[in-house]
Amino acid sequence: MDIDFPLVLVVLTFATGLIWLADRLFLRERRLAAARAESGQTANVSADTAGAEEVEEPKEPYLVDLSRSFFPVLLIVLVLRSFLVEPFQIPSGSMLPTLEVGDFILVNKYAYGLRLPVIGTKIIPVGEPQRGDIMVFHYPKDGETNYIKRVIGLPGDHIRYKDKQLYINGKKIEHTSVARLPPVELLREDLDGVEHDIFHSLGWTGDRGEGEWTVPEGQYFMMGDNRDNSNDSRYWGFVPEDMIVGKAFAIWMHWKSFTTLPSFDRVGGIE
């Protein structure tokens, strides 16, 4: 079973913060009072001298010490990950040639609005997905698995895909061949001013995901750049607004597997 890391992070942050706060408000003073009482019983000095003595603060319980140490770190990680930037690793080739398996990317969490961690409710609107954006979202079929695709259709758009040709609102989306690299062909596509590379498989005879769709309000139509090898909106439908995670904007490392060394040759912005 996959671990829900955001939920674990929220629970740990809340628990360590609560323990630390309870100690500062209640438990620490009780420890000091007990230490003063113990000092008064054992010290062979006058009452005036004992009252003036500085009592050494007792050692914190292990759980309190652990919470005090970890709470600030967990809180910083929670804020950064929930509202600013979150790292992801590309697990499949559905976004080739733009993103390769093993690319470590950074995702802007506030580009489409600030959202509460775990439940994903938008609390502050900032912006909306634009055609051509590369977006991370939760797979609508399970609401948990992170997917990454390119935004093709906005709310209200009519999408048509036929014979490997994309049409948006009746307009043919132009693409030009760059190179034939069997078993694929590299093409340059102009998606309403957003130019990017895509792959078409040569001699592909399988399901091309052909059809026509009208994007409902508050939802988005997503496609992978590796057009014949992408499990996307052509097969499972639209991405609701509340499933959005953020906008991918940079590659910061490439590390395909533990048997290889990390590489920084692909570091840079994502087109």
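The values are calculated or read from the model by the stated rules, or taken from the named source; none is laboratory data. Computed from a prediction, not measured in an experiment: that's the story for all the values here. Cβ sites come from the backbone with ideal geometry, for glycine too, and all protein chains shown count toward neighbours.
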Taking the condition of being in contact with a Gly (Cβ under 9 Å, 6 or more places away or on another chain) and either at pLDDT 95 or above or surrounded by 18 or more Cβ atoms within 10 Å (Cβ to Cβ) (or both), how many residues in the range 77-91 meet it?
2
Restricting to the range 107-119, count the residues that are out of contact with any Pro (no Cβ under 7 Å at 6 or more places or on another chain), surrounded by fewer than 17 Cβ atoms within 10 Å (Cβ to Cβ) and assigned to a loop (DSSP other than H, G, I, E, B).
3
Mind listing whichever residues of the range 227-244 are under 16 Å from I134 (Cα atoms) and within 22 Å of the chain's Cα centre (by Cα)?
S230, N231, D232, S233, F238, V239, P240, E241, M243, I244
Selected residue [assigned to a helix (DSSP H, G or I), among the aromatic types (F, W, Y) and in contact (Cβ under 8 Å) with a residue 24 or more places away in the chain] from F83, F104
F83
Just the residues that are more than 31 Å from the chain's Cα centre (by Cα) and outside any strand (DSSP E or B), please, taken from the range 170-215.
G170, E174, P182, P183, L202, G203, W204, T205, G206
Hits in the range 1-42 (condition: hydroxyl-bearing (S, T, Y) and modelled with pLDDT of 65 or more):
T13, T16, S39
Filtering the range 116-130 down to residues that are within 25 Å of S92 (Cβ to Cβ) and touching a strand residue (DSSP E or B) at 6+ places or on another chain (Cβ under 6 Å) yields P129
Pick from L181, L187, L202: which is crowded, with 16+ Cβ neighbours inside 10 Å and free of Cβ contacts under 8 Å to residues at least 24 places away in the same chain?
L187
Is it the case that V45 is at pLDDT below 85, under 30 Å from R150 (Cβ atoms), out of contact with any Ser or Thr (no Cβ under 6 Å at 6 or more places or on another chain) and not assigned by TED's automatic domain parsing to the domain that holds T145?
no
Leading residue by the ranking (nearest to Y139 (Cα to Cα)) among those in the range 242-267 that are surrounded by 15 or more Cβ atoms within 10 Å (Cβ to Cβ) and in contact with a Phe, Trp or Tyr (Cβ under 6 Å, 6 or more places away or on another chain)
M243
Candidate set: the range 149-176, residues that are under 11 Å from T214 (Cβ atoms) and in contact with a helix residue (DSSP H, G or I) (Cβ under 9 Å, 6 or more places away or on another chain); chosen: the one surrounded by the fewest Cβ atoms within 10 Å (Cβ to Cβ):
P155
Filtered residue count, the range 91-125, keeping only those that are in contact with a Leu (Cβ under 8 Å, 6 or more places away or on another chain) and more than 27 Å from V11 (Cα to Cα):
1
Filter the range 57-74 for residues that are in a helix (DSSP H, G or I) and of a type in the set (D, E, K, R); the one that is surrounded by the fewest Cβ atoms within 10 Å (Cβ to Cβ) is D65
Just name the residue that is surrounded by the fewest Cβ atoms within 10 Å (Cβ to Cβ) out of those in the range 222-241 that are under 28 Å from L181 (Cα atoms) and in contact with a helix residue (DSSP H, G or I) (Cβ under 8 Å, 6 or more places away or on another chain).
M223
Which one of P183, P216, P240 is of a type outside the set (G, A, S) and under 21 Å from N146 (Cβ atoms)?
P240
Output for Cβ contacts, cut-off 6 Å, separation at least six or different chains, first residue within 14 Å of L187 (Cβ to Cβ) and assigned by TED's automatic domain parsing to the domain that holds K149 in the range 219-230, second outside any strand (DSSP E or B) and at pLDDT below 95, reads D228/W204
